[in-house]
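Here the structure comes first, spelled out in C-alpha cells, and everything after it is commentary.
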There are 2 protein chains.
Amino acid sequence: MRLSRYFLPVLREVPKEAEIVSHRLMLRAGLIRQQASGMYSWLPLGYRVLMKVKAIIEQEQDRSGAIELLMPTLQSADLWRESGRYDAYGKEMLRIKDRNERDMLYGPTNEEMITDIFRTYVKSYKDLPLNLYHVQWKFRDEIRPRFGTMRSREFLMKDAYSFDLDEASAVKAYHRMFVAYLRTFYRLGVTAIPMRADTGPIGGDLSHEFIILADTGESAVFCHADLLEKPIPAIDTDYRGDLAPIVADWTSLYAATEEMVDMGAFEAEVPEAKRVSARGIEVGHIFYFGTKYSAPMKATVTGPDGKEVTVHMGSYGIGPTRVVPAIIEASHDEAGIIWPVSVAPFEAVVINLKSGDADSDAASEKLYGELQNAGVDALYDDTEQGAGAKFSTADLIGIPYQLIVGPRGLKSGEVEIKHRKTGERETLPVAAAVERLRGLIEPQRRNKV
Amino acid sequence: MRLSRYFLPVLREVPKEAEIVSHRLMLRAGLIRQQASGMYSWLPLGYRVLMKVKAIIEQEQDRSGAIELLMPTLQSADLWRESGRYDAYGKEMLRIKDRNERDMLYGPTNEEMITDIFRTYVKSYKDLPLNLYHVQWKFRDEIRPRFGTMRSREFLMKDAYSFDLDEASAVKAYHRMFVAYLRTFYRLGVTAIPMRADTGPIGGDLSHEFIILADTGESAVFCHADLLEKPIPAIDTDYRGDLAPIVADWTSLYAATEEMVDMGAFEAEVPEAKRVSARGIEVGHIFYFGTKYSAPMKATVTGPDGKEVTVHMGSYGIGPTRVVPAIIEASHDEAGIIWPVSVAPFEAVVINLKSGDADSDAASEKLYGELQNAGVDALYDDTEQGAGAKFSTADLIGIPYQLIVGPRGLKSGEVEIKHRKTGERETLPVAAAVERLRGLIEPQRRNKV
C-alpha cells in the first residue's frame with residue numbers, strides 16, 4: 001500500500017479523553033474513531049489488524065474441529081424467554097421493538113440461538129461431538145463504556161458452542177478449546193495464561209479465563225513463573241487424540257486472578273522464587289455448563305440405546321475488538337505501538353527519506369515491488385513529509401521493520417533496516433535487503449508452528 | 001472438509017414457506033435458517049459461499065483504489081438529524097433507545113457516518129480523491145420481508161463512498177466503481193448488466209443498477225443483446241487512467257429496467273434481432289449525488305486556491321446476502337444449485353461410493369489429500385450413506401465437480417469425474433484425476449483475468 005493513496009489519519013497530540021495507553025495509541029495511530037459512546041469505527045489501519053486477529057482465531061478454531069457459521073446480530077426475545085434470561089439479563093441487554101411491536105434484542109451472546117439451531121437439526125448421538133462458532137458483532141449496553149474498544153458497547157466476539165452426549169465428552173470438547181486458545185494467543189504474539197475462573201452470569205461447572213500479561217493490565221494476577229515459559233502445543237496437535245495431559249500440565253501450576261486468588265494456596269504451592277505477581281487483561285473465557293440451556297430448551301438427541309438424552313454444552317469466547325488493545329497494552333513503548341508480526345497491519349514499511357529525489361524514488365519503488373513479490377505485506381511511505389515525520393509515524397503505527405532508503409546510503413549502494421522492537425539498525429547492500437527482511441519476518445508469522 | 005465431521009443439514013422435502021426457487025434451494029441445501037421474520041443464520045455451507053462472495057467484492061474494490069474500514073452497525077440519531085433523514089426515513093429505519101434513553105438506530109446505510117468521518121480528518125484537496133468502503137450488517141425494517149435473504153431485514157452490504165473536489169473528478173470516481181462492478185460480477189460467475197436507474201431515496205444526479213439476468217428474476221428488463229457478450233475490463237485495467245471510454249461503450253447500448261424503460265426508445269435504438277426482453281435481479285446500485293450530504297453536514301476541504309470547497313460524493317452498494325440467492329436464481333436445475341466455481345462452497349467433492357470398503361476408503365482418502373495439496377477446495381463425502389443419497393446431496397448443494405470413487409472402477413484403476421453443470425461424466429485413470437480437476441477448476445476461479 002502506498003501511503004499517499006491510503007487513509008491514515010494519525011494524531012500528533014494525545015487525546016484527552018483516553019485514560020489508558022492502548023486507547024490513546026489506537027486514537028493517535030488512526031486505528032479507531034469513536035462514533036458514539038462505546039461505539040467505534042475501525043479505520044483502515046485498525047481494520048487490517050482486526051481482520052488479522054480474526055483470521056488467526058478462525059484458523060485455530062477450524063483446526064480444532066469447530067465449524068464456522070454466522071448468526072444474525074438481532075434476536076427474537078422469545079428465545080430468551082425460553083431460557084429465562086430475557087428478564088434476568090438486566091439493562092446491559094439492548095431491547096428493541098420492531099415496526100410490528102415485536103420484542104427483539106441485540107445479541108449480547110448466542111447460547112439460546114445456537115441451542116435452537118442445534119435442536120432443529122441434530123437428532124442423533126451419531127452427529128456428536130459438534131462445535132459451532134461464529135464471529136459476529138454483539139452489543140452490551142454497559143453503564144460506563146470506557147477504555148476504547150477494550151470495553152465498548154458494540155464489540156466483535158468469536159463465540160463457539162460445543163454439544164456432547166455426556167459430561168466426559170463435553171470435557172474433551174472443553175480441552176480442545178483450551179488447547180486451541182493456547183495456540184491462538186501464541187500466534188497472536190502475546191503471552192496468555194489460562195486461569196481458573198468464576199463462571200459468572202453464564203453459569204456452569206468449569207471455567208478458565210485466558211489472561212494476557214501486561215504491566216498496564218486491568219487486574220492483578222498471580223501465577224507460577226514456569227507458566228510463562230511453557231511450550232505451546234504444536235501445529236500438528238491431534239485434536240482427536242487425548243488432550244487431557246496437556247490441560248493437566250497447564251493447570252497443575254498455580255494461576256489465579258485477583259477475584260479467585262487464595263494467597264495462602266499461592267504461597268504454599270509456588271516456591272518464592274517462582275511467584276509471579278503481575279497484571280493482566282482477560283481476553284478469552286471458556287465454560288462448560290452442562291445442561292443449563294439444553295434442558296429448558298429441550299435440546300436432546302437419541303442415544304445409542306434409543307433413549308432421549310439432553311446434550312451437554314460449553315461456550316468459548318474471544319473478543320477480537322478487545323484483543324487488539326490488549327496486545328497494545330502488552331507491546332508498546334514511548335514512541336508508539338510495537339505490533340507482533342502476526343497481527344501487524346503491515347509487516348514492513350519502506351521509508352523513502354527524500355520523495356522527489358529520482359534515485360531515492362526509483363530504489364524505493366523497486367524495493368517496495370520486490371517486497372510484495374516476496375510475499376511481504378508492505379507499506380510504502382511515498383509521501384512528501386520530512387524524514388523525521390516519516391520515522392515518527394512508522395514508530396507510532398508500530399510496523400515491525402522499517403526499510404530506510406535515502407540518497408546518501410544509495411550512493412554507496414546501501415539501505416538500512418530498523419527493528420521497531422529493539423531499535424536495532426543494520427546497514428546492508430540494497431540487493432540483500434528484501435531477502436533479509438523476508439528471513440526476519442517469515443518465522444514470526446507463526447503460521448507454521 | 002470431511003462431511004462426516006461437518007454440519008450440513010440438507011432437507012429432502014421442499015419447504016412450504018419459500019415462494020422462489022433460490023429460497024427453497026437455500027433452505028434445502030442447508031445454506032441458511034430463518035431465526036425470525038427477515039432474519040437468517042448462515043449455516044456453514046452458506047457461510048462459505050457468503051465469504052467467497054465478500055472476498056471477491058473486496059478484492060475488486062481494493063483493486064480500484066477504494067480503502068476498506070468498518071463502521072459500527074448502530075448509529076447515533078444525531079447524525080441523521082444533521083442530514084434531515086432521521087425524520088424522513090420512515091418506518092424502515094429501526095429506531096432504538098439505549099439505557100440512557102438516547103436515540104439510536106440500526107444503520108440502513110452509512111452516508112451520514114462516513115461524511116462525519118471524512119469531515120473530521122480530511123482538510124485538503126491534496127487528500128482527494130478518496131473512496132472509503134466497508135462490508136457491514138444493515139437493517140431495514142421491511143413491511144413484508146420475503147424471498148429468504150433476497151429481501152431480508154438484516155442484510156450484509158458493501159457500501160463505498162467517494163469524495164472528490166468537483167463534479168468532473170466525482171464522475172471519474174463513479175467510473176472506477178462502474179468498472180469495478182463489471183469485474184466483480186464477472187468474477188462472481190454471473191452476467192450482470194448496468195442499467196440507468198432512478199436515484200430513489202438516496203437522491204442524486206447519476207445512477208446505475210447492476211442487474212443479474214435470471215429467468216426467475218423479480219422484474220422485466222430490456223436491453224441490447226450485445227451487452228450480454230461484451231468483454232469485461234481486464235485485471236490490469238488502469239484505474240488511474242481514463243475509464244470514460246469503457247463506461248461510454250457499456251452505456252451506448254440500450255438497457256433499462258421496467259421502471260425506466262421507454263419502449264419507443266428501446267425499439268428505435270435496438271434492431272429487432274438484437275432486442276432482449278428478459279428478467280433480472282438488482283444486485284448493485286451506484287450513485288453520484290454531488291453535495292446532497294456534504295453540504296448540510298459541512299464536509300469541505302481547502303481547494304488549490306485556498307478557498308473552502310464542499311466535496312462531491314457518490315455511494316456504491318452491493319449486497320452479498322442478496323447476491324447469493326441471485327446467483328442461484330441464475331444458476332440451478334431440477335436437482336439443485338449449480339455454483340460457479342469462483343463462489344462454490346467447495347470446488348470438488350470426493351464421493352466415496354462405498355464407505356467401509358478398504359480399497360474405496362484408501363483411494364478416496366488419498367485423492368482427497370492430493371486435491372488439498374493441489375490447492376483445490378475439496379469436500380470428502382465419507383459418510384455411510386448410500387451412493388444414491390450421496391449423488392443427490394452433491395447435486396443439491398451444487399459442487400461444480402464430483403470425483404466418484406468406487407470399488408468397481410478401482411479394480412480397473414479408474415475413477416469418474418461428473419461435471420455438475422453439464423451432467424457430463426468422464427472416466428479416467430486414478431492417477432490423472434487430480435491434475436484433470438485442477439485443470440478444469442483453475443481457469444474458472446477467474447482470479448487472474
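Some values worked out for this structure:
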{"quantity": "Copies compared at B:SER252 - label distances in nm, ascending, label defined 7 Å from Cα in the Cβ direction", "calculated": "7.9"}
{"quantity": "Top positive-direction residue, dipole computed over chain B with Cβ charges, set B:LEU25, B:MET113, B:PRO245", "calculated": "B:LEU25"}
{"quantity": "Zone of B:ALA168's modelled label, taken as backbone nitrogen in the stretch B:272-308 under 20 Å from a point 7 Å along Cα→Cβ", "calculated": "B:288-291, B:301-308"}
{"quantity": "Rough spin-label spacing in nm, given labels placed 7 Å along Cα→Cβ, for B:ALA431 and B:ASN447", "calculated": "3.0 nm"}
{"quantity": "Shielding by other protein chains, B:136-146, mean Cβ within 10 Å", "calculated": "2"}
{"quantity": "Cα-centre dipole for chain B with unit charges at Cβ (Lys and Arg positive, Asp and Glu negative), debye to 20", "calculated": "980 debye"}
{"quantity": "Charge dipole of the stretch B:3-337 about the Cα centre (unit charges at C-beta), most positive-ward option of B:LEU130, B:SER277, B:LEU94", "calculated": "B:LEU94"}
{"quantity": "Rounded if a/c under 1.5, otherwise prolate or oblate - chain A, Cα gyration tensor axes", "calculated": "prolate"}
{"quantity": "GluC sites (Glu not before Pro) within the stretch B:247-347, DSSP loop, no more than 10 other Cβ atoms inside 10 Å", "calculated": "B:GLU334"}
{"quantity": "Length gained when the stretch A:VAL21-A:GLU384 is fully extended (0.36 nm per residue, less Cα-Cα span)", "calculated": "127.7 nm"}
{"quantity": "Shape of the protein assembly as shown, Cα gyration tensor, a/c cut at 1.5", "calculated": "rounded"}
{"quantity": "Average beta-carbon neighbours from other chains, 10 Å sphere, peptide B:5-14", "calculated": "3"}
{"quantity": "Rounded, prolate or oblate (a/c below 1.5 giving rounded, otherwise prolate when a/b exceeds b/c) for the stretch A:301-449 by Cα gyration tensor", "calculated": "prolate"}
{"quantity": "Full-extension gain in nm, A:GLN372 to A:VAL14, via 0.36 nm per residue minus C-alpha separation", "calculated": "125.5 nm"}
{"quantity": "Ranked B:PHE155, A:PHE139, A:PHE391, criterion: other C-beta atoms within 10 Å, fewest first", "calculated": "A:PHE391, B:PHE155, A:PHE139"}
{"quantity": "Selection from A:ALA66, A:SER342, A:TYR47, by position along the positive dipole direction of chain A (Cβ)", "calculated": "A:TYR47"}
{"quantity": "Qualifying trypsin sites (Lys or Arg not before Pro) for the stretch A:349-430 [loop in DSSP, other Cβ within 10 Å: at most 16]", "calculated": "A:LYS421"}
{"quantity": "For the stretch A:278-296 and the stretch B:316-370, distance of Cα centres in Å", "calculated": "36 Å"}
{"quantity": "Estimated inter-spin distance, A:ALA273 and B:ALA358, nm [label 7 Å along Cα→Cβ]", "calculated": "5.8 nm"}
{"quantity": "Cα-centred dipole magnitude for the stretch B:293-449, charges only on beta-carbon of K, R (+1) and D, E (-1), debye, nearest 20", "calculated": "540 debye"}
{"quantity": "Pseudo-label separations to other copies for A:SER124 - Cα-to-Cβ vector, 7 Å, nm", "calculated": "6.9"}
{"quantity": "Net charge, B:THR300 excluded, C-beta distance under 15 Å - Lys, Arg +1, Asp, Glu -1", "calculated": "-1"}
{"quantity": "Magnitude of the charge dipole, the protein assembly as shown, Cβ model with Lys/Arg +1 and Asp/Glu -1, debye to 20", "calculated": "160 debye"}
{"quantity": "Theoretical gain in end-to-end length, A:MET260 to A:ARG2 [0.36 nm per residue, Cα-Cα removed]", "calculated": "88.0 nm"}
{"quantity": "Average beta carbon contacts from partner chains per residue of B:63-72, 10 Å cutoff", "calculated": "6"}
{"quantity": "Pseudo-label separations to other copies for B:ALA431 - Cα-to-Cβ vector, 7 Å, nm", "calculated": "4.3"}
{"quantity": "Residue pairs, from the table A:LYS172/B:LYS354; B:LYS97/B:LYS138; A:LYS52/B:LYS366; A:LYS52/B:LYS292, whose Cα atoms sit over 29 Å apart", "calculated": "A:LYS172/B:LYS354; A:LYS52/B:LYS366; A:LYS52/B:LYS292"}
{"quantity": "Sum of -39500 (n - 2.57) over DSSP H runs of 4+, divided by residues of the protein assembly as shown (222 nm, nearest 500)", "calculated": "-9500 deg cm²/dmol"}
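Throughout, read-outs are computed from the coordinates displayed, never taken from laboratory work. Computed from a prediction, not measured in an experiment: that's the story for all the values here. Cβ coordinates were reconstructed from backbone atoms using ideal geometry, including for glycine residues, and neighbour counts include every protein chain displayed.
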